[in-house]
Ligand code: BGP
């Protein structure tokens with residue numbers, strides 16, 4: 001056991017998931033087709049592919065998830081036993097507005113989340129909700145071209161208003177777009193599709209489109225923040241950033257400059273959300289590239305007047321970069337990343353860096369001065385279910401010990417306000433990047449494989465007991 005620091009009273013220890021990765025029931029109760037329903041599952045490290053058609057039910061993992069749509073009462077009982085104080089999930093937009101552009105919501109979808117929220121509360125678990133977690137109605141992709149189209153702002157705001165009005169009395173913490181910044185690798189269609197619904201574009205236009213779609217999302221995020229505060233002043237709205245510290249590969253000044261630009265380039269979404277304006281370097285860069293991003297004076301006023309209440313972030317790994325010699329310091333995740341010789345990697349090549357949590361929290365606090373909320377952190381691994389129903393995941397415990405320790409230092413030694421810690425994913429679910437079920441993150445094991453074979457039974461892993469004690473000691477016994 002590791003000795004940690006006690007967190008402040010009321011600290012929200014929890015878990016986090018996303019609708020399309022666990023609910024299943026992809027076409028019931030009037031739900032429409034979302035982006036997640038047209039993405040082919042990658043198997044065993046094969047990247048996910050995008051298709052043009054809804055995939056047949058078969059073994060497609062997202063269509064089934066872990067059947068949480070039906071099993072949530074029993075699952076929340078287990079989470080109560082685990083001691084969770086909060087639980088983050090997302091609302092599938094397509095359950096509320098199946099095509100995204102309707103004017104009237106689907107009552108069956110609203111009723112489902114009503115029941116889900118009440119069940120959490122009945123178990124003493126505070127719901128935390130994301131509005132758009134890597135999915136939008138597929139209709140908005142095919143008919144409107146995704147977030148490149150300004151009309152999506154109206155549709156998104158309508159969706160947000162409906163759910164704030166319906167659930168805002170019971171849900172305090174909300175986030176607009178999951179990992180809004182995870183589209184910097186614009187050469188790969190996968191993150192751009194997940195985040196912004198962009199497909200069918202010329203590779204030459206990809207970077208400009210990414211900035212354009214992001215701008216529309218940023219304006220939508222600000223308008224939604226405004227709407228939330230009007231509807232219920234108790235609601236707190238956060239942005240949600242994928243935080244990957246980017247370090248210079250060496251102490252060579254050019255590498256340090258490149259790492260600085262990489263941080264600026266990956267986190268300007270956070271600048272706009274928290275500071276209400278675009279950074280100068282980015283305006284210059286757009287000008288240099290000839291990008292026409294359509295930032296109107298009205299947009300600027302909306303962004304400036306409606307900054308977020310807190311900064312939510314995910315943290316899994318850090319990266320290192322080397323200078324490319326480009327005088328504009330153009331940053332591309334694919335071209336200038338390297339290995340960090342001081343860090344180990346997961347089976348999926350993610351560099352394990354607990355200290356980076358404290359570094360990142362300090363970096364964000366100094367820049368944005370907003371309370372923070374860790375809404376994802378965890379270790380994807382192959383787990384083995386033993387004949388007696390146990391799962392010995394000491395590697396996961398070790399990962400959490402290091403990361404929680406670093407987080408506690410940031411809170412206790414550095415004085416950074418932190419609302420809570422919601423590890424990914426509480427219970428095993430389908431992986432977002434690969435579509436695998438076998439890339440597991442939970443404290444609760446779910447007996448299903450990549451082909452959807454298995455009993456679906458839930459089992460407590462060793463990390464379940466361990467996290468129980470972390471929560472019970474409010475972070476002291478790690
Ligand atoms: C984040 C996403 C999650 C998620 C997690 C783990 O990027 O917000 O949806 O799944 O990463 O990633 P993966 O499932 O790809 O291992």
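Brief remarks on what is shown
- Options 429, 416; residue that is closer than 25 Å to residue 312 by Cβ, within 16 Å of the ligand (Cβ to nearest atom) and in contact with a helix residue (DSSP H, G or I) (Cβ under 8 Å, 6 or more places away or on another chain): 429
- Within the range 234-271, the set of residues being under 21 Å from residue 159 (Cβ atoms) and buried (at least 19 other Cβ atoms within 10 Å of the Cβ) comprises 235, 236, 237, 238, 239, 240, 269.
- Selected residue (criterion: surrounded by the most Cβ atoms within 10 Å (Cβ to Cβ)) from residues of the range 33-76 that are part of a loop (DSSP other than H, G, I, E, B), touching a strand residue (DSSP E or B) at 6+ places or on another chain (Cβ under 6 Å) and modelled with pLDDT under 95: 48
- Within the range 1-23, the set of residues being touching a helix residue (DSSP H, G or I) at 6+ places or on another chain (Cβ under 6 Å), crowded, with 24+ Cβ neighbours inside 10 Å and part of a loop (DSSP other than H, G, I, E, B) comprises 23 only.
- Only one of the numbered conditions (1) within 24 Å of residue 390 (Cα to Cα); (2) in contact (Cβ under 8 Å) with a residue 60 or more places away in the chain is not met by residue 465, and that is (2).
- Strands (runs of 3 or more DSSP E) enclosed by the range 77-187 - at least 2 residues per element that are more than 20 Å from residue 224 (Cβ to Cβ): 86-90
- For the range 356-384, the candidate set comprises residues that are out of contact with any strand residue (DSSP E or B) (no Cβ under 6 Å at 6 or more places or on another chain) and part of a loop (DSSP other than H, G, I, E, B); within that set, the residue that is nearest to residue 7 (Cα to Cα) is 369.
- Test: residue in the range 447-459 that is outside any strand (DSSP E or B) and surrounded by 24 or more Cβ atoms within 10 Å (Cβ to Cβ): no
- Only one of the numbered conditions (1) away from the ligand (no atom under 16 Å from the Cβ); (2) touching a helix residue (DSSP H, G or I) at 6+ places or on another chain (Cβ under 8 Å); (3) more than 18 Å from residue 79 (Cβ to Cβ) is not met by residue 437, and that is (1).
- Any hit, the range 213-233, residues being at negative phi, surrounded by fewer than 22 Cβ atoms within 10 Å (Cβ to Cβ), more than 16 Å from the chain's Cα centre (by Cα) and not in a helix (DSSP H, G or I): yes
- Scanning the range 139-188 for residues that are within 19 Å of the chain's Cα centre (by Cα) and surrounded by fewer than 19 Cβ atoms within 10 Å (Cβ to Cβ) gives 172, 185, 188.
- Check on residue 274, in a helix (DSSP H, G or I), under 20 Å from residue 376 (Cβ atoms) and either more than 16 Å from the ligand (Cβ to nearest atom) or touching a helix residue (DSSP H, G or I) at 6+ places or on another chain (Cβ under 7 Å) (or both): yes
The values are calculated or read from the model by the stated rules, or taken from the named source; none is laboratory data. Keep in mind that what you see is a predicted model, and the values were worked out from it rather than measured. Positions of Cβ are generated from backbone atoms using ideal geometry, with glycine treated the same way; all protein chains shown enter the neighbour counts.
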